[in-house]
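As C-alpha coordinates, the structure follows; a few thoughts come after it.
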Amino acid sequence: MICLDGRSLTSPLLARIALGEGVSLDEGAMARVAENRTVVDRIVAEGRTVYGINTGFGQFATVVIPPDQLQLLQLNLIRSHAAGVGEPLPRDQTRALMAARINCLLKAHSGIRPDPIRLLAACLNVDVVPVVPCQGSVGASGDLAPLAHMALLLVGEGLAWSGSGQPVPGGLALAEAGLSPVTLQAKEGLALINGTQLITALGNLALVRFRRLASLADEIAGLSLEALRGTRSAFDRRIHAARPHPGQALVAEHMRRLLGPSSAVSDSHRDCHRVQDAYSLRCIPQVHGVTRDALEFAGAILERELNSATDNPMIFTETQESRSGGNFHGQYPAFACDVLAIAAADLASISERRQERLVNPAYSDLPAFLTRNGGLESGFMMAHVTSAALVSEMKGLAHPACVDSIPTSAGKEDHVSMGPIAARKLLRAVDALEQVLAIEARMALEGLRILGLAPGTGLQPLMDRLSEACAPWADRAMFEEIHATLQALRTHEEALP
(Lines give C-alpha, C1' and ligand atoms only; values in the text may rest on other atoms or scores of the structure.)
Protein backbone atom coordinates (compact mmCIF):
# COMPACT_ATOMS: atom_id res chain seq x y z
CA MET A 1 0.00 0.00 0.00
CA ILE A 2 1.49 3.30 -1.13
CA CYS A 3 0.57 6.39 0.87
CA LEU A 4 -0.28 9.44 -1.24
CA ASP A 5 0.28 12.81 0.41
CA GLY A 6 0.67 15.29 -2.46
CA ARG A 7 4.37 15.67 -1.79
CA SER A 8 6.36 12.45 -2.14
CA LEU A 9 5.10 10.47 -5.13
CA THR A 10 7.94 9.25 -7.35
CA SER A 11 8.14 7.61 -10.76
CA PRO A 12 8.90 4.14 -9.34
CA LEU A 13 6.01 4.40 -6.86
CA LEU A 14 3.66 5.48 -9.64
CA ALA A 15 4.79 2.48 -11.71
CA ARG A 16 3.93 0.17 -8.82
CA ILE A 17 0.44 1.66 -8.54
CA ALA A 18 0.04 1.29 -12.30
CA LEU A 19 0.80 -2.42 -11.98
CA GLY A 20 -1.86 -2.91 -9.31
CA GLU A 21 -0.55 -1.84 -5.91
CA GLY A 22 -3.12 -0.12 -3.71
CA VAL A 23 -3.01 3.36 -2.19
CA SER A 24 -3.80 4.99 1.13
CA LEU A 25 -4.45 8.67 1.75
CA ASP A 26 -2.36 10.67 4.20
CA GLU A 27 -4.79 11.95 6.82
CA GLY A 28 -2.85 15.17 7.33
CA ALA A 29 -3.20 15.92 3.62
CA MET A 30 -6.90 15.04 3.75
CA ALA A 31 -7.38 17.43 6.67
CA ARG A 32 -5.79 20.20 4.59
CA VAL A 33 -8.14 19.31 1.72
CA ALA A 34 -11.15 19.62 4.02
CA GLU A 35 -9.93 22.97 5.33
CA ASN A 36 -9.27 24.21 1.80
CA ARG A 37 -12.84 23.30 0.85
CA THR A 38 -14.20 25.77 3.39
CA VAL A 39 -12.90 28.60 1.21
CA VAL A 40 -15.16 27.49 -1.65
CA ASP A 41 -18.12 27.07 0.67
CA ARG A 42 -17.58 30.60 2.00
CA ILE A 43 -17.36 32.07 -1.51
CA VAL A 44 -20.66 30.42 -2.42
CA ALA A 45 -22.33 31.45 0.84
CA GLU A 46 -21.24 35.08 0.42
CA GLY A 47 -22.43 35.20 -3.17
CA ARG A 48 -19.04 36.28 -4.53
CA THR A 49 -18.54 35.75 -8.27
CA VAL A 50 -15.46 33.55 -8.79
CA TYR A 51 -14.38 31.78 -11.96
CA GLY A 52 -14.98 28.03 -11.94
CA ILE A 53 -17.12 28.16 -8.82
CA ASN A 54 -20.20 30.04 -9.96
CA THR A 55 -19.38 31.06 -13.53
CA GLY A 56 -19.22 29.31 -16.85
CA PHE A 57 -15.91 28.08 -18.24
CA GLY A 58 -13.48 29.36 -20.86
CA GLN A 59 -15.28 31.80 -23.15
CA PHE A 60 -18.29 31.59 -20.81
CA ALA A 61 -16.34 32.89 -17.82
CA THR A 62 -18.49 36.02 -17.71
CA VAL A 63 -21.74 34.05 -17.36
CA VAL A 64 -22.79 33.96 -13.70
CA ILE A 65 -24.56 30.77 -12.61
CA PRO A 66 -27.28 30.96 -9.89
CA PRO A 67 -26.68 29.00 -6.66
CA ASP A 68 -29.39 26.42 -7.34
CA GLN A 69 -27.62 25.33 -10.56
CA LEU A 70 -24.06 24.95 -9.27
CA GLN A 71 -24.27 21.16 -8.98
CA LEU A 72 -25.62 20.89 -12.51
CA LEU A 73 -22.87 23.24 -13.71
CA GLN A 74 -20.20 20.82 -12.50
CA LEU A 75 -21.97 17.74 -13.85
CA ASN A 76 -22.48 19.40 -17.23
CA LEU A 77 -18.78 20.26 -17.30
CA ILE A 78 -17.79 16.63 -16.84
CA ARG A 79 -20.28 15.33 -19.37
CA SER A 80 -19.45 17.89 -22.08
CA HIS A 81 -15.71 17.63 -21.63
CA ALA A 82 -15.66 13.82 -21.88
CA ALA A 83 -15.04 14.19 -25.61
CA GLY A 84 -12.11 11.81 -26.01
CA VAL A 85 -11.68 9.53 -29.01
CA GLY A 86 -9.30 6.81 -30.12
CA GLU A 87 -8.09 3.66 -28.46
CA PRO A 88 -8.57 3.47 -24.69
CA LEU A 89 -5.51 3.87 -22.53
CA PRO A 90 -4.23 0.53 -21.23
CA ARG A 91 -5.38 -0.28 -17.72
CA ASP A 92 -1.96 0.38 -16.15
CA GLN A 93 -1.73 3.84 -17.72
CA THR A 94 -5.22 4.72 -16.50
CA ARG A 95 -4.36 3.61 -12.98
CA ALA A 96 -1.32 5.90 -13.12
CA LEU A 97 -3.55 8.75 -14.32
CA MET A 98 -5.91 8.22 -11.36
CA ALA A 99 -3.07 8.11 -8.83
CA ALA A 100 -1.44 11.23 -10.26
CA ARG A 101 -4.72 13.15 -10.03
CA ILE A 102 -5.29 12.04 -6.44
CA ASN A 103 -1.82 13.22 -5.54
CA CYS A 104 -2.45 16.59 -7.17
CA LEU A 105 -5.74 17.03 -5.29
CA LEU A 106 -3.93 16.30 -2.03
CA LYS A 107 -1.94 19.50 -2.54
CA ALA A 108 -5.10 21.17 -1.13
CA HIS A 109 -5.40 23.95 -3.70
CA SER A 110 -8.35 22.52 -5.65
CA GLY A 111 -11.24 23.36 -3.35
CA ILE A 112 -12.60 19.81 -3.57
CA ARG A 113 -14.17 17.91 -0.67
CA PRO A 114 -12.44 14.77 0.64
CA ASP A 115 -15.30 12.52 -0.58
CA PRO A 116 -14.45 12.43 -4.33
CA ILE A 117 -10.80 11.80 -3.49
CA ARG A 118 -11.71 8.88 -1.22
CA LEU A 119 -13.90 7.40 -3.95
CA LEU A 120 -11.14 7.72 -6.55
CA ALA A 121 -8.71 5.95 -4.20
CA ALA A 122 -11.29 3.25 -3.44
CA CYS A 123 -11.71 2.65 -7.18
CA LEU A 124 -7.97 2.16 -7.50
CA ASN A 125 -7.89 -0.26 -4.59
CA VAL A 126 -10.65 -2.50 -5.98
CA ASP A 127 -9.40 -2.02 -9.55
CA VAL A 128 -12.50 -0.26 -10.85
CA VAL A 129 -10.79 1.55 -13.72
CA PRO A 130 -12.55 3.94 -16.12
CA VAL A 131 -12.30 3.61 -19.87
CA VAL A 132 -10.28 6.68 -20.96
CA PRO A 133 -9.75 7.33 -24.69
CA CYS A 134 -6.16 8.30 -25.47
CA GLN A 135 -6.87 11.26 -27.78
CA GLY A 136 -8.61 14.57 -27.23
CA SER A 137 -6.31 16.66 -25.03
CA VAL A 138 -4.06 19.49 -26.18
CA GLY A 139 -2.39 19.64 -22.77
CA ALA A 140 -3.04 23.23 -21.80
CA SER A 141 -6.23 23.87 -19.80
CA GLY A 142 -5.29 20.61 -18.21
CA ASP A 143 -5.83 17.20 -19.77
CA LEU A 144 -9.52 17.99 -19.76
CA ALA A 145 -11.01 15.24 -21.92
CA PRO A 146 -9.10 12.26 -20.41
CA LEU A 147 -9.69 13.47 -16.86
CA ALA A 148 -13.38 14.08 -17.64
CA HIS A 149 -13.72 10.44 -18.69
CA MET A 150 -12.10 9.50 -15.39
CA ALA A 151 -14.45 11.82 -13.47
CA LEU A 152 -17.55 10.35 -15.15
CA LEU A 153 -16.92 7.14 -13.23
CA LEU A 154 -17.15 9.02 -9.93
CA VAL A 155 -20.66 10.25 -10.76
CA GLY A 156 -21.73 6.78 -11.90
CA GLU A 157 -21.55 7.48 -15.62
CA GLY A 158 -19.19 6.71 -18.47
CA LEU A 159 -17.55 3.33 -18.93
CA ALA A 160 -15.27 1.18 -16.80
CA TRP A 161 -13.37 -2.03 -17.41
CA SER A 162 -14.97 -5.20 -16.13
CA GLY A 163 -13.00 -8.06 -14.66
CA SER A 164 -13.21 -9.82 -18.04
CA GLY A 165 -11.71 -6.81 -19.79
CA GLN A 166 -14.92 -5.60 -21.42
CA PRO A 167 -16.33 -2.07 -21.01
CA VAL A 168 -19.37 -1.84 -18.73
CA PRO A 169 -21.39 1.17 -17.52
CA GLY A 170 -19.50 3.07 -14.82
CA GLY A 171 -22.43 3.02 -12.41
CA LEU A 172 -22.67 -0.78 -12.71
CA ALA A 173 -18.92 -1.16 -12.06
CA LEU A 174 -19.22 0.97 -8.90
CA ALA A 175 -22.26 -0.96 -7.67
CA GLU A 176 -20.64 -4.35 -8.22
CA ALA A 177 -17.65 -3.15 -6.15
CA GLY A 178 -19.93 -1.93 -3.36
CA LEU A 179 -19.16 1.74 -4.07
CA SER A 180 -21.55 4.66 -4.44
CA PRO A 181 -21.16 7.62 -6.81
CA VAL A 182 -20.76 11.17 -5.52
CA THR A 183 -22.79 14.28 -6.30
CA LEU A 184 -20.38 16.97 -7.37
CA GLN A 185 -20.61 20.26 -5.50
CA ALA A 186 -19.38 23.72 -6.50
CA LYS A 187 -15.91 23.71 -8.13
CA GLU A 188 -15.51 19.91 -7.90
CA GLY A 189 -15.95 19.01 -11.56
CA LEU A 190 -13.29 21.54 -12.50
CA ALA A 191 -11.09 20.31 -9.65
CA LEU A 192 -11.15 16.80 -11.08
CA ILE A 193 -10.22 17.69 -14.65
CA ASN A 194 -8.02 20.79 -14.53
CA GLY A 195 -4.46 19.44 -14.57
CA THR A 196 -1.58 17.86 -16.48
CA GLN A 197 -1.97 14.36 -15.10
CA LEU A 198 -2.24 12.47 -18.40
CA ILE A 199 1.05 13.90 -19.66
CA THR A 200 2.64 13.49 -16.25
CA ALA A 201 1.45 9.95 -15.61
CA LEU A 202 2.50 8.60 -19.01
CA GLY A 203 5.77 10.54 -18.93
CA ASN A 204 6.71 9.12 -15.55
CA LEU A 205 5.88 5.55 -16.59
CA ALA A 206 8.13 5.99 -19.64
CA LEU A 207 10.82 7.51 -17.42
CA VAL A 208 11.01 4.43 -15.20
CA ARG A 209 11.53 2.13 -18.16
CA PHE A 210 13.94 4.45 -19.95
CA ARG A 211 16.19 4.80 -16.91
CA ARG A 212 16.62 1.03 -16.77
CA LEU A 213 17.21 0.77 -20.50
CA ALA A 214 19.88 3.47 -20.40
CA SER A 215 21.96 1.45 -17.97
CA LEU A 216 21.30 -1.76 -19.90
CA ALA A 217 22.41 -0.04 -23.12
CA ASP A 218 25.90 0.38 -21.63
CA GLU A 219 26.15 -3.35 -20.92
CA ILE A 220 24.95 -4.29 -24.40
CA ALA A 221 27.38 -1.81 -25.96
CA GLY A 222 30.13 -3.44 -23.89
CA LEU A 223 29.28 -6.84 -25.34
CA SER A 224 29.38 -5.36 -28.85
CA LEU A 225 32.72 -3.71 -28.16
CA GLU A 226 34.17 -7.06 -27.09
CA ALA A 227 32.60 -8.92 -30.03
CA LEU A 228 34.15 -6.34 -32.37
CA ARG A 229 37.46 -6.54 -30.50
CA GLY A 230 37.40 -2.84 -29.71
CA THR A 231 39.84 -1.00 -27.48
CA ARG A 232 39.26 0.20 -23.92
CA SER A 233 41.42 3.30 -24.35
CA ALA A 234 38.44 5.57 -25.12
CA PHE A 235 37.17 5.10 -21.57
CA ASP A 236 40.32 6.42 -19.88
CA ARG A 237 39.29 8.50 -16.87
CA ARG A 238 41.54 11.41 -17.89
CA ILE A 239 39.69 11.87 -21.20
CA HIS A 240 36.37 12.37 -19.44
CA ALA A 241 37.76 14.51 -16.65
CA ALA A 242 38.81 16.96 -19.34
CA ARG A 243 35.20 17.32 -20.52
CA PRO A 244 33.26 17.02 -17.27
CA HIS A 245 29.70 16.37 -18.37
CA PRO A 246 28.13 14.27 -15.56
CA GLY A 247 26.47 11.73 -17.84
CA GLN A 248 29.60 11.21 -19.90
CA ALA A 249 31.70 10.58 -16.79
CA LEU A 250 29.05 8.22 -15.41
CA VAL A 251 28.92 6.12 -18.56
CA ALA A 252 32.70 6.01 -18.91
CA GLU A 253 32.98 4.79 -15.33
CA HIS A 254 30.28 2.20 -15.98
CA MET A 255 32.11 0.94 -19.06
CA ARG A 256 35.38 0.66 -17.13
CA ARG A 257 33.65 -1.42 -14.45
CA LEU A 258 31.94 -3.64 -17.01
CA LEU A 259 34.99 -4.24 -19.15
CA GLY A 260 37.67 -4.36 -16.46
CA PRO A 261 41.30 -3.66 -17.30
CA SER A 262 41.45 -6.57 -19.73
CA SER A 263 39.71 -9.71 -20.91
CA ALA A 264 40.39 -12.71 -23.10
CA VAL A 265 39.09 -10.63 -26.00
CA SER A 266 41.32 -7.62 -25.35
CA ASP A 267 44.34 -9.84 -24.74
CA SER A 268 43.79 -11.48 -28.13
CA HIS A 269 44.54 -8.30 -30.07
CA ARG A 270 47.15 -6.42 -28.08
CA ASP A 271 49.40 -6.21 -31.12
CA CYS A 272 46.77 -5.40 -33.73
CA HIS A 273 47.12 -2.34 -35.96
CA ARG A 274 43.90 -0.61 -34.87
CA VAL A 275 44.58 2.35 -32.59
CA GLN A 276 41.07 3.76 -32.37
CA ASP A 277 37.56 2.49 -33.04
CA ALA A 278 34.62 3.84 -35.01
CA TYR A 279 32.50 6.46 -33.29
CA SER A 280 29.72 4.01 -32.36
CA LEU A 281 32.26 2.31 -30.06
CA ARG A 282 34.67 5.09 -29.20
CA CYS A 283 31.98 7.66 -28.38
CA ILE A 284 29.77 5.48 -26.17
CA PRO A 285 30.37 7.72 -23.12
CA GLN A 286 29.57 10.88 -25.05
CA VAL A 287 26.39 9.61 -26.75
CA HIS A 288 25.07 7.41 -23.96
CA GLY A 289 26.17 10.09 -21.51
CA VAL A 290 24.00 12.87 -22.88
CA THR A 291 21.06 10.48 -22.62
CA ARG A 292 21.83 10.11 -18.90
CA ASP A 293 21.91 13.90 -18.56
CA ALA A 294 18.63 14.18 -20.46
CA LEU A 295 17.10 11.64 -18.09
CA GLU A 296 18.24 13.69 -15.10
CA PHE A 297 16.88 16.92 -16.58
CA ALA A 298 13.56 15.56 -17.81
CA GLY A 299 13.15 13.20 -14.87
CA ALA A 300 13.38 16.08 -12.42
CA ILE A 301 10.63 17.92 -14.30
CA LEU A 302 8.34 14.91 -14.51
CA GLU A 303 8.70 13.92 -10.86
CA ARG A 304 8.29 17.52 -9.71
CA GLU A 305 5.12 17.74 -11.78
CA LEU A 306 3.79 14.64 -10.01
CA ASN A 307 3.82 16.60 -6.77
CA SER A 308 2.50 19.91 -8.09
CA ALA A 309 -0.87 21.64 -7.93
CA THR A 310 -2.02 22.19 -11.51
CA ASP A 311 -5.49 23.66 -11.00
CA ASN A 312 -7.14 26.87 -12.07
CA PRO A 313 -8.31 28.74 -10.17
CA MET A 314 -6.08 27.97 -7.20
CA ILE A 315 -7.69 28.08 -3.77
CA PHE A 316 -5.49 29.40 -0.96
CA THR A 317 -6.59 28.42 2.53
CA GLU A 318 -4.38 30.83 4.44
CA THR A 319 -5.78 33.98 2.81
CA GLN A 320 -9.23 32.57 1.95
CA GLU A 321 -8.67 33.57 -1.67
CA SER A 322 -9.09 32.22 -5.20
CA ARG A 323 -6.54 33.19 -7.85
CA SER A 324 -6.50 32.39 -11.56
CA GLY A 325 -3.20 31.33 -13.10
CA GLY A 326 -1.71 28.91 -15.60
CA ASN A 327 -0.43 25.89 -13.68
CA PHE A 328 -2.62 23.70 -15.90
CA HIS A 329 -0.36 24.43 -18.90
CA GLY A 330 1.48 21.27 -19.89
CA GLN A 331 4.61 22.77 -21.42
CA TYR A 332 6.90 21.55 -18.64
CA PRO A 333 6.03 17.84 -18.84
CA ALA A 334 5.51 18.07 -22.61
CA PHE A 335 9.00 19.50 -23.08
CA ALA A 336 10.43 16.77 -20.83
CA CYS A 337 8.73 14.02 -22.84
CA ASP A 338 9.95 15.46 -26.12
CA VAL A 339 13.52 15.66 -24.81
CA LEU A 340 13.34 12.00 -23.78
CA ALA A 341 11.96 10.94 -27.17
CA ILE A 342 14.97 12.61 -28.81
CA ALA A 343 17.32 10.86 -26.37
CA ALA A 344 15.69 7.49 -27.04
CA ALA A 345 16.04 7.92 -30.80
CA ASP A 346 19.72 8.77 -30.49
CA LEU A 347 20.46 5.83 -28.19
CA ALA A 348 18.73 3.50 -30.65
CA SER A 349 20.58 5.11 -33.57
CA ILE A 350 24.04 4.41 -32.16
CA SER A 351 22.94 0.87 -31.27
CA GLU A 352 21.89 0.29 -34.88
CA ARG A 353 25.33 1.51 -36.06
CA ARG A 354 27.03 -1.06 -33.80
CA GLN A 355 24.73 -3.69 -35.27
CA GLU A 356 25.91 -2.76 -38.76
CA ARG A 357 29.48 -3.35 -37.65
CA LEU A 358 28.56 -6.74 -36.15
CA VAL A 359 26.92 -8.08 -39.34
CA ASN A 360 29.17 -6.45 -41.96
CA PRO A 361 32.47 -8.34 -42.47
CA ALA A 362 34.06 -5.17 -43.86
CA TYR A 363 34.09 -3.82 -40.31
CA SER A 364 35.15 -6.83 -38.24
CA ASP A 365 36.70 -10.27 -38.15
CA LEU A 366 33.24 -11.83 -37.89
CA PRO A 367 31.48 -13.68 -40.73
CA ALA A 368 28.79 -11.89 -42.73
CA PHE A 369 25.54 -11.62 -40.78
CA LEU A 370 27.06 -13.69 -37.97
CA THR A 371 26.53 -17.04 -39.65
CA ARG A 372 29.19 -19.58 -40.62
CA ASN A 373 26.88 -20.96 -43.31
CA GLY A 374 26.29 -17.82 -45.33
CA GLY A 375 24.16 -18.43 -48.39
CA LEU A 376 22.40 -21.43 -47.00
CA GLU A 377 21.62 -19.29 -43.96
CA SER A 378 20.87 -15.56 -43.80
CA GLY A 379 21.80 -15.19 -40.14
CA PHE A 380 20.99 -11.79 -38.67
CA MET A 381 20.42 -10.03 -42.00
CA MET A 382 16.76 -9.24 -41.37
CA ALA A 383 17.23 -8.57 -37.67
CA HIS A 384 19.35 -5.61 -38.68
CA VAL A 385 16.69 -4.50 -41.15
CA THR A 386 14.16 -4.58 -38.32
CA SER A 387 16.40 -2.34 -36.25
CA ALA A 388 16.78 0.07 -39.14
CA ALA A 389 13.00 0.25 -39.50
CA LEU A 390 12.54 0.88 -35.79
CA VAL A 391 15.19 3.59 -35.67
CA SER A 392 13.69 5.35 -38.68
CA GLU A 393 10.28 5.35 -36.98
CA MET A 394 11.85 6.66 -33.79
CA LYS A 395 13.32 9.60 -35.67
CA GLY A 396 9.77 10.58 -36.60
CA LEU A 397 8.68 10.16 -32.98
CA ALA A 398 11.56 12.44 -31.95
CA HIS A 399 9.94 15.42 -33.68
CA PRO A 400 8.80 17.54 -30.72
CA ALA A 401 5.07 17.82 -30.16
CA CYS A 402 5.41 20.78 -27.81
CA VAL A 403 6.49 23.18 -30.58
CA ASP A 404 3.03 22.96 -32.11
CA SER A 405 0.04 24.96 -30.89
CA ILE A 406 -3.53 25.23 -32.18
CA PRO A 407 -5.58 27.87 -30.34
CA THR A 408 -8.81 26.55 -28.83
CA SER A 409 -11.81 27.77 -26.81
CA ALA A 410 -12.59 30.70 -29.11
CA GLY A 411 -9.03 32.00 -28.84
CA LYS A 412 -8.99 32.09 -25.04
CA GLU A 413 -6.56 29.19 -24.97
CA ASP A 414 -4.21 30.58 -27.58
CA HIS A 415 -1.06 28.61 -26.73
CA VAL A 416 -1.21 24.91 -25.91
CA SER A 417 1.45 22.26 -25.23
CA MET A 418 0.24 19.17 -27.13
CA GLY A 419 1.79 17.31 -24.21
CA PRO A 420 -0.37 14.17 -24.40
CA ILE A 421 0.97 13.60 -27.92
CA ALA A 422 4.51 14.02 -26.58
CA ALA A 423 3.86 11.52 -23.79
CA ARG A 424 2.22 8.90 -26.00
CA LYS A 425 4.96 9.02 -28.60
CA LEU A 426 7.59 8.79 -25.86
CA LEU A 427 6.06 5.52 -24.70
CA ARG A 428 6.22 4.24 -28.28
CA ALA A 429 9.84 5.37 -28.55
CA VAL A 430 10.80 3.54 -25.35
CA ASP A 431 9.10 0.37 -26.64
CA ALA A 432 11.09 0.61 -29.87
CA LEU A 433 14.35 1.32 -28.04
CA GLU A 434 13.96 -1.84 -26.01
CA GLN A 435 13.50 -3.88 -29.20
CA VAL A 436 16.54 -2.30 -30.87
CA LEU A 437 18.72 -3.01 -27.83
CA ALA A 438 17.48 -6.60 -27.72
CA ILE A 439 18.58 -7.12 -31.32
CA GLU A 440 22.01 -5.67 -30.60
CA ALA A 441 22.35 -7.87 -27.51
CA ARG A 442 21.51 -11.00 -29.51
CA MET A 443 24.00 -10.09 -32.25
CA ALA A 444 26.76 -9.34 -29.74
CA LEU A 445 26.15 -12.67 -28.03
CA GLU A 446 26.58 -14.48 -31.33
CA GLY A 447 29.70 -12.49 -32.16
CA LEU A 448 31.33 -13.45 -28.89
CA ARG A 449 30.37 -17.10 -29.40
CA ILE A 450 32.04 -17.04 -32.81
CA LEU A 451 35.18 -15.52 -31.30
CA GLY A 452 35.11 -18.15 -28.57
CA LEU A 453 36.51 -15.69 -26.04
CA ALA A 454 35.14 -14.46 -22.70
CA PRO A 455 34.23 -10.78 -22.35
CA GLY A 456 35.14 -8.52 -19.44
CA THR A 457 34.11 -9.90 -16.07
CA GLY A 458 31.47 -7.23 -15.50
CA LEU A 459 29.72 -8.36 -18.68
CA GLN A 460 29.65 -12.05 -17.79
CA PRO A 461 26.28 -12.03 -15.94
CA LEU A 462 24.53 -10.56 -18.99
CA MET A 463 26.40 -12.94 -21.28
CA ASP A 464 25.31 -15.89 -19.14
CA ARG A 465 21.67 -14.74 -19.07
CA LEU A 466 21.57 -14.36 -22.84
CA SER A 467 23.31 -17.70 -23.37
CA GLU A 468 20.72 -19.48 -21.26
CA ALA A 469 17.91 -18.00 -23.31
CA CYS A 470 19.36 -18.36 -26.81
CA ALA A 471 21.06 -21.39 -28.33
CA PRO A 472 23.91 -20.91 -30.81
CA TRP A 473 22.56 -19.62 -34.07
CA ALA A 474 21.21 -21.71 -36.92
CA ASP A 475 18.50 -20.16 -39.07
CA ARG A 476 15.16 -20.33 -37.26
CA ALA A 477 12.20 -18.04 -36.62
CA MET A 478 13.92 -14.76 -35.82
CA PHE A 479 10.93 -13.16 -34.09
CA GLU A 480 11.04 -15.92 -31.48
CA GLU A 481 14.74 -15.30 -30.96
CA ILE A 482 14.19 -11.56 -30.48
CA HIS A 483 11.39 -12.27 -28.02
CA ALA A 484 13.55 -14.70 -26.04
CA THR A 485 16.33 -12.11 -25.91
CA LEU A 486 13.89 -9.45 -24.75
CA GLN A 487 12.68 -11.65 -21.90
CA ALA A 488 16.26 -12.47 -20.90
CA LEU A 489 17.12 -8.77 -20.77
CA ARG A 490 14.10 -8.05 -18.59
CA THR A 491 15.05 -10.85 -16.22
CA HIS A 492 18.60 -9.50 -16.12
CA GLU A 493 17.31 -5.99 -15.31
CA GLU A 494 15.23 -7.32 -12.44
CA ALA A 495 18.30 -9.00 -10.94
CA LEU A 496 20.36 -5.83 -11.00
CA PRO A 497 20.83 -4.00 -7.65
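Considering (1) farther than 23 Å from Ala309 by Cα; (2) of a type in the set (A, V, I, L, M, F, W, C); (3) not in a helix (DSSP H, G or I), say which one Leu70 fails and leave the rest. Going through (1) farther than 23 Å from Ala309 by Cα; (2) of a type in the set (A, V, I, L, M, F, W, C); (3) not in a helix (DSSP H, G or I) one by one, Leu70 breaks only (3). Taking each residue of the range 212-240 that is at pLDDT below 95 and looking for partners that are surrounded by 22 or more Cβ atoms within 10 Å (Cβ to Cβ) and of a type in the set (S, T, N, Q) with beta-carbon atoms closer than 9 Å, six or more apart or interchain, yields Gly230/Ser224. When the residues of the range 116-169 are filtered to those that are surrounded by fewer than 18 Cβ atoms within 10 Å (Cβ to Cβ) and in a strand (DSSP E or B), the one that is nearest to the chain's Cα centre (by Cα) is Gln135. Against the criterion of being in the same structural domain as Ile342 (by TED's automatic domain parsing), assigned to a helix (DSSP H, G or I), out of contact with any Ser or Thr (no Cβ under 6 Å at 6 or more places or on another chain) and charged (D, E, K, R), Arg449 qualifies. Residue count for the range 432-483, restricted to those that are crowded, with 16+ Cβ neighbours inside 10 Å, closer than 27 Å to Phe235 by Cβ and among the aliphatic types (A, V, I, L, M): 17.
Scanning the range 309-337 for residues that are touching a Gly at 6+ places or on another chain (Cβ under 8 Å) and assigned to a helix (DSSP H, G or I) yields Gln331, Pro333, Ala334, Ala336, Cys337. Elements of the type helices (runs of 4 or more DSSP H) sitting completely within the range 170-271 and holding at least 1 residues that are of a type in the set (Asp, Glu), at negative phi and buried (at least 18 other Cβ atoms within 10 Å of the Cβ): these cover 188-193, 197-227.
With the structure loaded, tell me whether Leu433 is in a helix (DSSP H, G or I), outside the structural domain of Pro90 (by TED's automatic domain parsing) and within 18 Å of the chain's Cα centre (by Cα) or whether it fails that test. When the stated conditions are applied, Leu433 passes them. Pairs linking a residue in the range 157-177 that is not assigned by TED's automatic domain parsing to the domain that holds Asp127 and of a type in the set (A, V, I, L, M, F, W, C) to a residue that is in a loop (DSSP other than H, G, I, E, B) and at pLDDT below 95, with Cβ atoms under 6 Å and 6 or more positions apart or on different chains, do not occur. Considering each residue of the range 357-364 in turn, none proves to be polar (S, T, N, Q), surrounded by 23 or more Cβ atoms within 10 Å (Cβ to Cβ) and under 30 Å from Ser224 (Cβ atoms).
The values are calculated or read from the model by the stated rules, or taken from the named source; none is laboratory data. This structure is a prediction, so every number in the text was calculated from the model and none was measured. Reconstructed Cβ throughout: ideal geometry from the backbone, glycine too, with neighbour counts over all protein chains shown.
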